[in-house]
Amino acid sequence: VQLVESGGGLVQAGGSLRLSCATSGLTFSNYAMGWFRQAPGKEREFVATISWSATTYYTYSVKGRFYISRDNAKNTVYLQMNSLKPDDTAVYYCAAKRGTYLYTGPTDYDYWGQGTQVTVSS
């Protein structure tokens, strides 16, 4: 199983980025997908999750700014990030969990990508 994130980079506050996570080696439609992030010196934290049926859930700090989506034909999950703030600076990871619910804990997930850096300058 492989999860490969892309789309990170440096952006000014107020800007947007779209992260992608391409998966292989799993039956994508059987998995809930999640995005997490980890800033230097902090624990990995939940950002957003999407079920196999495209139900979504977000952490409070990104509601209305970030949007998670999935394309089951492409085995890919996305995170559209708008109105970015310096506090959003972190390494962003995607993760996969076989199941039918929404999952918010890092230990819930079965597979992880290597992460992509997002840096928001003020």
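The values are calculated or read from the model by the stated rules, or taken from the named source; none is laboratory data. Being a predicted model, the structure only gives us computed values, none of them experimental. Virtual Cβ from ideal backbone geometry, glycine too; neighbours counted across all protein chains shown. For the accessible areas, the whole protein counts, side chains as well, though only heavy atoms, and no ligand, DNA or RNA atoms are used. Shrake-Rupley method; radii C 1.70, N 1.55, O 1.52, S 1.80 Å.
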Within the range 91-111, of all residues that are surrounded by fewer than 22 Cβ atoms within 10 Å (Cβ to Cβ) and among the aliphatic types (A, V, I, L, M), the one farthest from A32 (Cα to Cα) is V91
Extreme residue, surrounded by the most Cβ atoms within 10 Å (Cβ to Cβ), among residues of the range 72-90 that are within 17 Å of Q12 (Cα to Cα) and within 14 Å of the chain's Cα centre (by Cα): M81
With the first residue restricted to the range 87-114 and required to be assigned to a loop (DSSP other than H, G, I, E, B), and the second required to be of a type in the set (D, E), Cβ contacts under 7 Å at 6 or more apart or on different chains are G113/E5; Q114/E5
On the basis of being over 20 Å from G115 (Cβ atoms) and either modelled with pLDDT under 95 or open to solvent by less than 60 Å² (accessible area, probe 1.4 Å) (or both), does S69 make the cut? no
Counting only residues that are open to solvent by 60 Å² or more (accessible area, probe 1.4 Å) and either without any contact (Cβ under 8 Å) to a residue 24 or more places away in the chain or part of a strand (DSSP E or B) (or both), which one in the range 16-30 is farthest from Y111 (Cα to Cα)? R18
All positions within the range 36-71 that are closer than 18 Å to G15 by Cβ and in a strand (DSSP E or B): R37, V47, F66, Y67
